[in-house]
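This report concerns only the one structure given below.
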Amino acid sequence: MERRIIGIAASDGIAIGKAYLLTEPDLSFEKKSVSDIEGEINRFNDSLEISKTEIQAIRDRVAETVGDEEAQVFDAHIMVLSDPELIDSIKTNITTNEVNAEQALMEVTGMFVNMFESMEDNPYMQERAADIRDVTERVLSHLLGVKIPNPSSIQEEVVIVAKDLTPSDTAQLNRDFVKGFVTDIGGRTSHSAIMARSLEIPAVVGTKTVTEGISDGDMVIIDGLGGNIIINPDEETLASYDEKRTKFEQQKEEWKLLKNAETVTKDGKHIELAANIGTPKDLVGVIENGAEAVGLYRTEFLYMDSADFPTEEEQFNAYKEVLEGMDGKPVVVRTMDIGGDKELPYLKLPEEMNPFLGYRAIRICLAEPEMFRTQLRALLRASVFGKLRIMFPMIATLNEFREAKKILEEEKAKLIQENIAVSEEIEVGIMVEIPAAAVLAHQFAKEVDFFSIGTNDLIQYTMAADRMNQQVSYLYQPYNPSILTLIKHVIDSSHAEGKWTGMCGEMAGDQTAVPLLVGLGLDEFSMSASSVLKTRSLMSKLDSTEMKKLADKAINECTTVEEVIELVDNMKELLV
Ligand code: PEP
Ligand code: MG
């Protein structure tokens, strides 16, 4: 029977495919005594062999697609499963205690894990403990006949169904096979949603219950335009969504005609239309969608994709690649913004009650300046390969900005002394994503070269509504007059000092927000690459003077978000 669920539309498009469940497997079992010892040992041997073959296959695939270094962890896993001390102890346990293989496996591996983990200051032993845990889970799953999901091994077209997807899960999804995803939790500005937009795969998040009562292989429609999920659709529904999918593809083809067009409003005002990226690979999308700049390069993904801190050289190469790839067009590189939903295991951050309000981004960089200096040196060295703009995230106070800028200047002076070329034209700005910085924008504007408004965070902090929490997503209101008022203050303050303001939060590509932001005089819009062309199309229909009136009305006359939406919708109906 067809079942419908509503969630939050996170990435445009319609995907139809078989479900691939990416959920925690149930590996519970009971201790049993066994009489057929030989049979039990054979059962254990079989699970062991299948596990080894599987790990070898994953190893080979990772070596081919990612690299030999990353594949090495799987060699370590195979070694664990070939270690006679461990394996013989498990078999002896089955024989002497006459217990089932599951029990024997867990007892023995548990003992080894405890032993290695107790050697606290020995990182090598800590890693061995993690390896044993990992392979134990795999062998146990085979003993129990339970599937452990492994997204990197997907070899057929599927849609992913998960409770949650972390940014690193999302990065591993193979676009050739993964046609879309749907999750129980998350919001439109969760980083997995943002990544879905840059991968251009349809996604719906925050459904609360999609993982309940769904099985691998069920047919699923993901409507990333309307936020609907349909499980096991009937013929009629399938046909209607097939039609919607075709229409959307046609619409995209029309937008593509604007790829090389200038971004101008109906009355001829030029606006800089930029795209956000997470890695140099995303440049393909930026160029295909005709963006005029990179308005936000989230460098933390460089840190997250690596097993340890990326070296100055690795960072330099990545930044150079992006600057050269943009061929002289501006690139705003944001310094590392770890924290919130972006974890960095090797940084060993403390567990926090409120990670979004905690030790993150510029706060970490100022507390650990060596890491920060490495990044700044790499950026400064890369600056001669294009038009670099450096941006600091999560700035709350002017002192933070001054301190970050001072460190940047120190590194610049050192490089010049070493006779290493550095561009003289680097603009240095901040993300305005903490209300304190927005309120004090008139002071900041005297010292920064530009602002980029990070509405993803600015909205959550202003409304006190977690951007990841679907239960309070009704309060996550980009068009609330309070947010518009803050944005206006930031833009006006920058203009008063002859500076410019961009926006790199998801609101910049939101089709209801765009007319208001044009009216407020926003200079640069940076968004997921997949939103660039539809935004260029919309802007070409807007008159900037009319939009100014619209924005003034929204701020001065509207009292609720509903009134603002109605105001914009009424205006849009008149567009041709
Ligand atoms: C923002 O907060 O708006 C932003 C662009 O940064 P991030 O989404 O990475 O927090
Ligand atoms: Mg942010």
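The values are calculated or read from the model by the stated rules, or taken from the named source; none is laboratory data. Given the structure is predicted, the values throughout are model-derived calculations rather than measurements. Don't worry about glycine lacking a Cβ; one is built from the backbone with ideal geometry, like all the others, and counts go over all protein chains shown. For the accessible areas, the whole protein counts, side chains as well, though only heavy atoms, and no ligand, DNA or RNA atoms are used. Shrake-Rupley method; radii C 1.70, N 1.55, O 1.52, S 1.80 Å.
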| request: Return the calculated 222 nm mean residue ellipticity for the chain, to the nearest 500 deg cm²/dmol, obtained by summing -39500 (n - 2.57) across DSSP H runs with n ≥ 4 and dividing by the residue count. | output: -15000 deg cm²/dmol
| Normalised alpha carbon radius of gyration of the range 216-305 [divisor 2.2 N^0.38 Å] | 1.51
| remark: For S528, other-chain or 5+-apart residues with amide H closer than 5 Å (H placed, Pro excluded) are N276
| query | Assuming R0 = 60 Å, what is the FRET efficiency of F177 and E418, from their Cβ-Cβ distance, to the nearest 0.05? | reply | 0.80
| What is the log10 of I(q)/I(0) for the range 266-572, computed with the Debye formula using one identical point scatterer on each Cα and no solvent, at q = 0.07, 0.13 Å⁻¹? | -0.26, -0.92
| remark: Stretched fully, the stretch from A130 through E427 gains (0.36 nm per residue minus C-alpha distance, one decimal, in nm) 102.5 nm
| query | In Å, what is the Rg of the alpha-carbon atoms in the range 421-576, and how long is Dmax? | reply | 15.6, 54
| Sparse-neighbour loop sites [GluC sites (Glu not before Pro); the range 533-576; at most 16 other C-beta within 10 Å; DSSP] | E557
| task | Compute the length gained on full extension between K252 and E324: take 0.36 nm times their separation in residues and subtract their Cα-Cα distance, giving the result in nm to one decimal. | result | 23.1 nm
| said: In whole Hz and in residue order, list the ³J(HN,Hα) couplings for the range 111-117 that follow from phi through the Karplus curve 6.51 cos²θ - 1.76 cosθ + 1.60, θ = phi - 60°; x for Gly and Pro. | reply: 5, 5, 4, 4, 4, 5, 5
| Fraction of beta bridges assigned by DSSP in the range 266-572 that are antiparallel (%, nearest 5) | 5
| the range 469-534 - percent relative contact order, Cα under 8 Å, separation 6 or more | 30
| field | Computed FRET value (nearest 0.05) for E156 with K572, which takes r as the C-beta separation and R₀ as 51 Å | value | 0.80
| message | For the range 82-213, place one equal point scatterer on every Cα, skip the solvent, and apply the Debye formula. What is log10 of I(q)/I(0) at q = 0.09, 0.20 Å⁻¹? | response | -0.43, -1.03
| said: Probe of 1.4 angstrom, ligands and nucleic acids ignored: what's the accessible area per residue over the range 62-111, in square angstrom? | reply: 52
| request: Can you quote the Å³ per residue value for the convex hull of the Cα atoms in the range 37-144, rounded to an integer? | output: 87
| field | Two-decimal Rg/Rh across the range 288-331, once Rg and the Kirkwood Rh are taken from alpha-carbon atoms | value | 1.02
| task | List the residues whose amide H sits under 5 Å from the amide H of L173, counting only those 5 or more places along or on another chain, with H placed 1.01 Å from N in the peptide plane. | result | none
| Accessible carbon and sulfur surface of the range 293-364 relative to its total accessible area, %, 1.4 Å | 52
| query | What is the packing order of peptides 192-202, 417-427, 144-154, taking the mean over residues of other C-beta atoms within 10 Å and listing the highest first? | reply | 192-202, 144-154, 417-427
| task | Using amide H atoms built 1.01 Å from N in the peptide plane, name the residues 5+ places from V34, or on other chains, whose amide H lies under 5 Å from its own. | result | V99, N100
| remark: As a percent rounded to 5, the proportion of antiparallel DSSP bridges among beta bridges in the chain is 30
| Angstrom value of the Kirkwood radius, inverse mean 1/r, which spans all Cα pairs in the chain | 26.0
| note | A chain fully extended from T512 to I37 at 0.36 nm per residue, minus the present Cα-Cα distance, gains in nm 164.2 nm
| task | With the full set of protein chains in place, find how many percent of the accessible area of the range 459-560 is carbon and sulfur; take the probe as 1.4 Å. | result | 50
| Dipole magnitude of the range 37-144 about its Cα centre (Cβ charges: Lys, Arg +1; Asp, Glu -1), debye to nearest 20 | 260
| task | Sort out for me the Cα centre separation of the range 112-167 from the range 409-474, rounded to whole Å. | result | 38
| query | Taking the mean number of other Cβ atoms within 10 Å as a proxy for protection, how do you rank 284-292, 332-340, 470-478 from highest to lowest? | reply | 332-340, 284-292, 470-478
